[in-house]
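Data first, discussion second: the structure below is written as structure tokens.
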Amino acid sequence: MSVRYSAAVEAAIAEVCPPRDAMDSGDFDPVVYLNSRFPDESSLAALPAFLDEANERLRKTENSLLKAVEQQSSNATSAECDLKSAKEAVAQLYMRVSDIKMQASDSEEMVKDLCQHIRELDIAKTNLTASINTLRSVQLWMLQLQVLSSSFEKRRFLQTRDALQEALKYSTSFAKMKEIPKVKELNDKQTQLCRQVEYYIRNTVFGEMDLDAMDVNAMAEACSVVDLMAEESKKKLRDRFIDKLLESYSLRFKRGTDEAKLERTERRYVYLRTLLDRYDGVFQNVFPRHWCVPQELCVTFCLRTKQELDLALRESNNDIDVVVLTYVIQKTIDMERDVTQMMAWKDEFPGRRELPVYKYNGLILSAFKEHMGLLVQNEDKLMREALAQPLTGSGESACTGWSSAEEEIRNGTWLPIAEDIFVFIKESLKRALRIAQQDVLLEMAGVWRRHLIELAQAVTALLPTPALTPLERRRACIVLNTADLCQTTSQDLGDEVCARSEVPAREVAFDQVKEAFSTLYSKAIQAILQGTELALAPMLVEYGSGGFMAKKGTSAYDANSGGAADESKLVRDITTTLHETVLSCAAVVPPSALRFLLDKMAALFIAEYGNTLYRLRRLPDEGISAMRVDAAALEKAFLQLPNYNDPARFPATALTGYMKLVRKEFDQLNRALKVLQVDARTDAFIDVYYEVVLPEDRSIHNFVRLVELKGLRREDVRAWVATLSKRGVVEATKRDFQREASLGIATGISSSPAPPSTGGGGAPSVGGLNFAALFTRDPAAPGSPHNAGASAAVAAATSTGATGGASTASPTASSHFSLSNFVSTIGGGNSNAAMVEHHNNSVNGGSIASPRGAAGGTVAGAAPNPDHPGASPKNQTDEESLGSRFANAARNTATSISFLNKFKRNEGDKK
């Protein structure tokens, strides 16, 4: 039977007794071992030898075991004896250790008794030493009090100071024993001596001193004694000295005397400065710096002066001269500022950081708080007087270039009143800030706000509307610069007031000022554009009547018979007018304003020029070519307009938006002309229209209008209209409605009236005179040329415009005459085809007729109208005569124009 141990035991046995053969192994298997020794029958021949060897090994093993048993038996007996001896030795050792522990305990108790005795002796020694020292300190304290008393009796303040300093040290050391009778007695005696010394110094040394012959050394020694006492004693002595110095002040400015009057307040401040200068040496050599004697002197002076000024102001409440009050307030502000600077700590010394910072702002000025309204009223009066002066200046201060267009002028010139008023406001703001009262600053801001708004209204009255002549344009530019300056400065002023008063912007309300000058800025831009539009109106009228096409049989027609090579004279005139406007404006306004003006000019005039295409009744092929040449020339002129005559006026980066705007506006016109070049009787016309015209400009209305220019009608192209509708083309775009509103009868389509807008004269521009009725054949129509009311209306509008004034209401309409509608009617009536053919003759031969002549005037030799075969030559001639008359009238008419209804300054930068 094999014996099995755990893996750990087996590993330990193998480590101690490593197996020498297979039989020593723990997992020995006899069967496996015999099979390995005798694998087959032939190997059994060695079996006897194996048995002999095994028996020999067995015998040796048994002998070894027997010897080991015998040896173990003998060893057990000796081991038992050794163990017994060891136990006896351990017992003896334990007894000895017990004896040692008892002896150590006795020694420890003896040491504790010795230490306790030593500690008691040491405490006794310490107490004896403290008692001896305390008795000695009491003795020395009593001695110092005796020295203090004797030194004071002899008026030796230095010895008194030293004795008091030592006595204070002893009293401090006995602070915890103050209830002991002897200590209490000595404290009371010391306090009594200090009180006697302080009383004598305050009432004798300083109370009876002669200000003209002061003993500075004695005073300094006395102050050194008081400096060792409590703060209350220092304050009493300081106040006594200040009262002594201000006795003469109270006598000189006694109530009821002339010196106490309000207008002589400045003398009080002179007195204080003299006093500080006179006793500056005393303040430095007599009093310790941490007493703050000069600072407290100024505080007392300010409080007394405020009290006196309060009384003086109450007594003369109903009879205060505002000039005197303003002067006194200014001097008070200056004095408080100067004293604050003089009394500031300028260097470091021991105890500097524990001292207060003295500020005198408002100590005296608070006396005027209830009377600040008079100061605000005076500022209001001064600003009113300033605004009452001529806005353009006078004499040497007159505005440069205001009276003559030939006078040399600098860029950025503004009205002198603008700079003067803001210089005044700046000084007024400084005065208000010195007062350091929030309510006064806000009241002053209200005065500035009101007068700046009045200034904007007054400058608006100087604005020429419209600015037609070079001088008027120059004046409008000066007003524009003035508005820009005032708007920017007003914004900065409002921000400064908000920051200083610590109130929100809505309470300061300077947005009203900014809005007023922003409106003035817009009106100045509007006036310039109005004048330019009026200057261009006759050319646009003639252009819309076909004046750009050379008449057959003329030299111009023969020169361009091979193709339109040069732009028309009208375009050259338009370009010249634009150049004159830009040059006159660029000489006055800065580049930022000029850039904004150019954006508005491009947006207004390019669209107006493009509308002339739709005013035509019909456009032949040679007219299309001529108009394309004119459009290219005019586009080039607009692109070169910003830097005309000055290539460095604008960098290329600043004109990106402007160039984009010009190209976009002319691109719409060029696309329409490209469509018109295609034969309208072929299907290619609709395909070209759909491909060339931009999606946002495609509309049925626009397509039909281009078809009409090719001589067809809507009924002729119904199939094309249906095709465009299937492709998603809208009936009309926003631009079509705007064009329709400006063209009137030229499109032949009625549109809803535009919403009323305010033009330069402030009156709505929609409605106006019914000039379309002048071309109607029905005598009974309200606006017929044969109607006396309509004739009178035309004459009234023409005569009013000729004088350069604002247009007035006609007998037949209550709204202003609209130049856009007037331009749209010329060439838009039934006689357009005849006017295209005979334009030059009708313009040269026509004249402005009186109301009666306009109703019945005729021109002989007119050709029949192909569109109205039934019309008589007389009626056709009437229409042509009226067209030429209105073309000439437009050249001499100055009237209000509705444009830029919702004008904003920042639109130009966003394009």
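The values are calculated or read from the model by the stated rules, or taken from the named source; none is laboratory data. Keep in mind it's a predicted model, so treat the numbers as computed, not measured. Because the Cβ atoms are built from the backbone with ideal geometry, glycine has one as well, and the counts that use them run over all protein chains shown. For accessibility, only protein heavy atoms count, side chains too; no ligands or nucleic acids. Shrake-Rupley method; radii C 1.70, N 1.55, O 1.52, S 1.80 Å.
Could you do me a favour and compute the accessible area per residue for the range 105-229, 1.4 Å probe, result in Å²? Kindly include the intermediate steps, with their values, before the conclusion.
Values: 8180 Å² over 125 residues.
Result: 65 Å² of accessible area for each residue.
What's the carbon and sulfur percent of the range 464-541's accessible surface, probe 1.4 angstrom, rounded to a whole number?
Within the range 464-541, the accessible surface is 47 percent carbon and sulfur.
Between residue 135 and residue 113, what is the label-point separation in nm under the 7 Å Cα-to-beta-carbon projection?
3.4 nm
Given a cut-off of 25 Å, name the pairs among 359/430; 154/236; 125/189 whose C-alpha atoms lie farther apart than that in the structure shown.
Values: 359/430 19 Å; 154/236 23 Å; 125/189 32 Å.
Check vs 25 Å cut-off fails for 125/189.
Below 11 angstrom from the Cβ of residue 467, what's the summed charge of the other residues (Lys, Arg +1; Asp, Glu -1)?
Here the charged neighbours net out to +2.
Just tell me which lysines come within less than 30 Å, Cα to Cα, of residue 710; anything on the same chain fewer than 8 places away is out.
The qualifying lysines are 551, 552, 569, 636, 664, 674, 726, 734, 874.
Under a 1.4 Å probe, what is the accessible area of the range 601-669 per residue, stated in Å²?
That works out to 41 Å² for each residue.
Over the range 435-525, what is the relative contact order in whole percent, taking alpha-carbon pairs under 8 Å and six or more residues apart?
40 percent
List the aspartates and glutamates whose alpha-carbon lies under 13 Å from that of residue 234, not counting same-chain residues fewer than 8 positions away?
Hits, sequence-local ones excluded: 198, 296.
Of the heavy-atom accessible surface of the range 297-425 (probe 1.4 angstrom), what whole percent is carbon and sulfur?
Answer for the range 297-425: carbon and sulfur cover 50 percent of the accessible area.
Please state the relative contact order of the range 371-526 as a whole percent: Cα pairs under 8 Å, 6+ residues apart?
Details: 155 pairs, mean separation 40.2, N = 156.
Across the range 371-526, relative contact order equals 26 percent.
Could you name the lysines in cross-link range of residue 87, using Cα to Cα under 27 Å and dropping any fewer than eight places away on the same chain?
101
Sequence gap at least 6, Cα distance under 8 Å: using those rules, report the relative contact order of the range 105-229 to the nearest whole percent.
25 percent
Relative to the Cα centre, what is the charge dipole magnitude of the range 371-526, using +1 at the beta carbon of each Lys and Arg, -1 at the beta carbon of each Asp and Glu, and rounding to the nearest 20 debye?
Working: 16 positive and 22 negative charges, 25 e Å.
With only Lys, Arg, Asp and Glu charged at Cβ, the dipole is about 120 debye.
Can you order the peptides 650-657, 474-481 by their average number of other Cβ atoms within 10 Å per residue, highest first?
Details: 650-657: 12.5, 474-481: 26.8.
Output ranking for 650-657, 474-481: 474-481, 650-657.
Quick one: length gained pulling residue 408 to residue 16 fully straight, 0.36 nm per residue minus the C-alpha distance?
Numbers: separation 392, 0.36 × 392 = 141.12 nm, distance 12.58 nm.
Stretched fully, the residue 408-residue 16 segment lengthens by 128.5 nm.
Per residue, how much accessible area does the range 371-526 show when a 1.4 Å probe rolls over the protein heavy atoms, in square angstrom?
With all protein chains present, the range 371-526 gives 46 Å² per residue.
As a test of reading the structure, rank 329, 13 by solvent-accessible area (1.4 Å probe, protein chains only), most first.
Ranked list, largest accessible area first: 13, 329.
Residue 32 accessible area, nearest 10 Å², 1.4 Å probe?
90 Å²
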